[in-house]
Structure formats: C-alpha cells, structure tokens
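The values are calculated or read from the model by the stated rules, or taken from the named source; none is laboratory data. Everything quoted here is computed from the prediction, not taken from an experiment. Using ideal geometry, Cβ is built from the backbone for each residue, glycine included, and neighbour counts are taken over all protein chains shown.
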C-alpha cells in the first residue's frame with residue numbers, strides 16, 4: 001500500500017463515508033466513483049491514481065455487477081477489513097431504502113401515480129441501456145487495430161441474441177478465446 | 001413457445017435456494033455488467049417476469065440509490081419469498097463475484113502484462129457491448145403499450161441519449177430530471193385516457 005497509512009482508528013469514518021455515498025449512488029455505484037476518488041486519493045492519500053483505476057478495471061474484467069470495484073478499493077486501502085467495511089457501507093443503506101420503496105409501491109401499483117412512474121420512466125430506461133451498449137462499443141470504434149474484428153464480434157453477438165436462446169456465457173467464452181488467440 | 005413469456009406463461013422459483021443459485025449463475029455470466037444476462041435468464045429462460053415487468057422493475061431500481069442490478073435482485077427476491085428471497089437473490093448476485101474479484105486483485109501483478117490476457121478481455125468486452133445493444137433492441141418493443149404513445153416515448157428516449165451519450169451529463173442529474181418529465185407526461189396521458 002502506498003501513500004498515507006490507514007489506521008484502525010480511521011475505520012469508523014471510512015465506513016461512514018461509504019454509508020453516505022450509498023444514499024447518493026443514484027444510477028449505480030459507478031456514479032459515485034469521482035467522489036470516492038476525491039476522498040481516497042485526494043483527501044486522504046491512501047491510494048494513488050493507478051491503484052484506483054486498477055480497481056475499476058479489475059471489477060470490469062470480473063463477472064458480476066460493477067459495484068464490486070468498491071470492495072477492491074477497500075481491500076487496497078485496508079485489506080480484508082477495508083473490503084468488508086466498504087462493501088457493507090455502499091450496500092446497506094441503499095438496499096434497505098429500496099426494499100421499503102418496493103413494498104410501498106407494490107401495494108399501490110394500480111394507482112395513477114405509481115403507474116405513471118413506471119410508464120414515464122420506461123423510455124428513459126431503455127434509452128440508458130442503449131447508451132451503455134454504445135459506451136461499451138466505443139473503444140472498438142476508436143482503435144483502428146481492433147475496429148473490424150471488434151465490430152464483427154459485436155454484430156455477431158446481436159444476431160445470435162436475436163435469433164437463438166443460447167445462454168450469454170457461451171458467447172462471452174467464445175469472445176475470450178477469439179481475443180486471446182489474437183483474432184480481434 | 002415465444003421467447004418472452006406472456007403473463008399466463010409465467011413461472012415461479014421453487015425456493016430461496018433456487019433464487020440464490022439462479023442469481024449466482026447469472027452474476028458469473030455477467031462480464032462488463034449483469035443487466036443483459038439478467039434479462040435473458042429471468043425473462044426468456046426462467047420466465048419469472050414478462051419483458052414489461054422487467055423494464056418496470058429496472059426503472060424503479062434505477063431511480064433509487066444503489067447498484068441497479070442489486071436493487072433489481074432484491075425486489076424480485078422479495079416479491080417471491082419476502083426478505084429471505086431478497087437476501088438469497090442479493091447474496092447470489094454478490095457472493096461469488098466478490099470472491100473472484102478479490103482473488104484477481106491479489107493475483108493482478110502476475111498476469112497483467114500478458115498479451116493473451118489483454119486480448120481475451122478485449123474479446124469479452126466486445127461481446128458485452130453486443131449483449132447490451134441486443135437487449136436494448138428487444139426492450140424497445142415493450143414501449144408499444146406505453147400510455148404516452150410512440151412519439152413522446154421516442155422523444156424521451158432521444159433526449160436521454162443526447163444528455164448521456166452526447167453531452168455526457170452525470171446520471172445524478174439526468175435520471176431525476178428526465179424521470180420527473182416522464183412521470184409528469186405519463187400522469188397527464190393516463191388522466192386523459194381515464195376521461196375519454
């Protein structure tokens with residue numbers, strides 16, 4: 001671990017920061033990444049820029065939700081106890097709030113207000129998914145070396161998903177193999 | 001059998017254990033995001049939700065703080081088996097990925113430099129992009145039944161894309177403001193339908 005040392009006395013404040021960030025993480029944990037960077041790298045100096053970026057990259061290379069970059073940050077700062085504090089901190093408040101809202105709305109799902117909520121949000125939700133696909137595809141558009149292979153693989157994936165019921169894991173494995181042997 | 005279930009064709013998980021194993025399986029398939037895999041597994045393969053219900057659940061997850069797919073798991077699990085179901089689904093979604101990502105963090109230095117690893121990640125990334133695009137295309141169909149009608153739906157979708165993909169505004173601003181706009185328009189559309 002580089003930079004400033006993490007002391008056990010720092011743990012309550014560290015945990016508290018993640019509890020607070022949890023409530024601010026509208027749109028997913030990744031939306032709080034700039035704020036985490038400010039706190040862990042800028043304010044406290046527990047991590048450097050490279051360690052922060054590595055945590056995000058490792059989480060993206062691992063299976064599972066993007067939020068798992070948070071335990072990696074915690075692990076880099078303070079080992080297992082840091083990973084635990086960061087994970088529980090980023091998840092507990094948002095999870096409890098979601099459970100409450102979900103139950104409340106479930107009982108009122110046929111009222112105009114709640115119906116308007118789900119109907120009004122649907123176009124935005126679908127659009128955000130398309131944007132996420134676009135953002136993930138961008139690196140392949142930008143790198144001339146990998147453009148053709150990358151776009152072909154993207155298009156092939158879309159076609160297979162549209163016309164078959166194949167589980168996505170087989171496509172991901174195939175993509176990994178094709179990439180590892182250097183075809184794209 | 002059609003790829004997406006109608007409300008009559010829906011099934012239910014048998015136990016919280018089935019929720020745990022299903023969510024573990026879909027989390028482990030989710031490289032570069034779990035959402036596209038979740039849609040595939042929960043709607044088309046398990047048939048626990050219709051496409052419309054999936055969009056509805058995800059919309060609510062997105063408006064609330066917290067990781068969207070974790071919120072989605074929680075709400076779906078809670079619907080079937082109460083808090084035990086919610087805990088089983090969230091546990092399945094997070095447990096194995098957490099173990100794997102920490103192992104990777106520990107082993108990172110030994111394999112980061114290898115060209116094959118970089119290539120494999122690049123290939124998996126392209127597939128992840130394709131999965132996301134395919135899912136968005138499929139879900140466009142769910143907007144047909146929307147009370148706002150196709151023109152307003154397309155307008156909101158294009159506005160969202162412009163704000164997020166072109167202007168690159170933070171989601172913290174986009175989601176509440178476009179959400180409020182959509183909610184208001186849908187409220188008016190529903191009221192107009194009720195009168196006529």
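Residue A:109 passes every criterion in (1) at the interface with chain B (Cβ under 7 Å from one of its Cβ atoms); (2) not in a helix (DSSP H, G or I) apart from (1). The one condition from (1) more than 17 Å from residue A:181 (Cβ to Cβ); (2) out of contact with any helix residue (DSSP H, G or I) (no Cβ under 9 Å at 6 or more places or on another chain) that residue B:131 does not meet is (2). I'd like the full set of residues that are facing another protein chain (nearest Cβ under 7 Å) and at pLDDT below 80, limited to the range B:110-146. Listed by number, the list holds a single entry, B:121. Among the residues of the range B:90-102, none qualifies, meaning not one is surrounded by 23 or more Cβ atoms within 10 Å (Cβ to Cβ), touching a strand residue (DSSP E or B) at 6+ places or on another chain (Cβ under 9 Å) and at pLDDT below 85. Remark: pairs (first residue in the range A:156-184, in contact (Cβ under 8 Å) with a residue 60 or more places away in the chain and at the interface with chain B (Cβ under 7 Å from one of its Cβ atoms); second residue assigned to a helix (DSSP H, G or I) and surrounded by fewer than 22 Cβ atoms within 10 Å (Cβ to Cβ); Cβ separation under 6 Å; 6+ apart in sequence or on different chains) are absent.
So, in the range A:133-184, exactly how many residues are surrounded by 15 or more Cβ atoms within 10 Å (Cβ to Cβ), outside any helix (DSSP H, G or I) and out of contact with any helix residue (DSSP H, G or I) (no Cβ under 6 Å at 6 or more places or on another chain)? Of the residues in the range A:133-184, 1 are surrounded by 15 or more Cβ atoms within 10 Å (Cβ to Cβ), outside any helix (DSSP H, G or I) and out of contact with any helix residue (DSSP H, G or I) (no Cβ under 6 Å at 6 or more places or on another chain). Checking every residue in the range B:151-171 against the condition of being surrounded by fewer than 17 Cβ atoms within 10 Å (Cβ to Cβ) and more than 16 Å from residue A:128 (Cβ to Cβ) gives at least one match.
Quick check, is residue B:30 within 9 Å of chain A (Cβ to nearest Cβ), within 23 Å of residue A:178 (Cα to Cα) and in contact with a strand residue (DSSP E or B) (Cβ under 6 Å, 6 or more places away or on another chain)? In short, yes. Residues of the range A:15-31 include at least one that is touching a residue at least 40 places away in the same chain (Cβ under 8 Å) and assigned to a loop (DSSP other than H, G, I, E, B). Of the residues in the range B:33-41, none is out of contact with any strand residue (DSSP E or B) (no Cβ under 6 Å at 6 or more places or on another chain), buried (at least 24 other Cβ atoms within 10 Å of the Cβ) and at pLDDT 95 or above. Criterion applied to A:91, A:84, A:96, A:128 was being surrounded by 22 or more Cβ atoms within 10 Å (Cβ to Cβ), in a helix (DSSP H, G or I) and free of Cβ contacts under 8 Å to residues at least 60 places away in the same chain, and the one residue passing it is A:128. Evaluating residue A:36 against the criteria (1) surrounded by 20 or more Cβ atoms within 10 Å (Cβ to Cβ); (2) within 11 Å of another protein chain (Cβ to nearest Cβ) leaves one unmet condition, (2). Please verify whether residue B:86 is buried (at least 24 other Cβ atoms within 10 Å of the Cβ), at the interface with chain A (Cβ under 7 Å from one of its Cβ atoms), at pLDDT 90 or above and over 14 Å from the mean Cα position of the chain (by Cα), treating the condition exactly as stated. Taking the combined requirement at face value, the residue satisfies it. Does any residue of the range B:129-139 turn out to be in the same structural domain as residue B:40 (by TED's automatic domain parsing), touching a strand residue (DSSP E or B) at 6+ places or on another chain (Cβ under 6 Å), in a helix (DSSP H, G or I) and in contact (Cβ under 8 Å) with a residue 24 or more places away in the chain? No, the range B:129-139 contains no residue that is in the same structural domain as residue B:40 (by TED's automatic domain parsing), touching a strand residue (DSSP E or B) at 6+ places or on another chain (Cβ under 6 Å), in a helix (DSSP H, G or I) and in contact (Cβ under 8 Å) with a residue 24 or more places away in the chain.
Only one entry of B:77, B:149, B:107 meets the criterion of being under 17 Å from the mean Cα position of the chain (by Cα) and more than 7 Å from chain A (Cβ to nearest Cβ), and that entry is B:77. Among the residues making up the range A:61-70, those that are under 13 Å from residue A:29 (Cα atoms), part of a helix (DSSP H, G or I) and within 7 Å of another protein chain (Cβ to nearest Cβ) are A:66, A:67, A:68.
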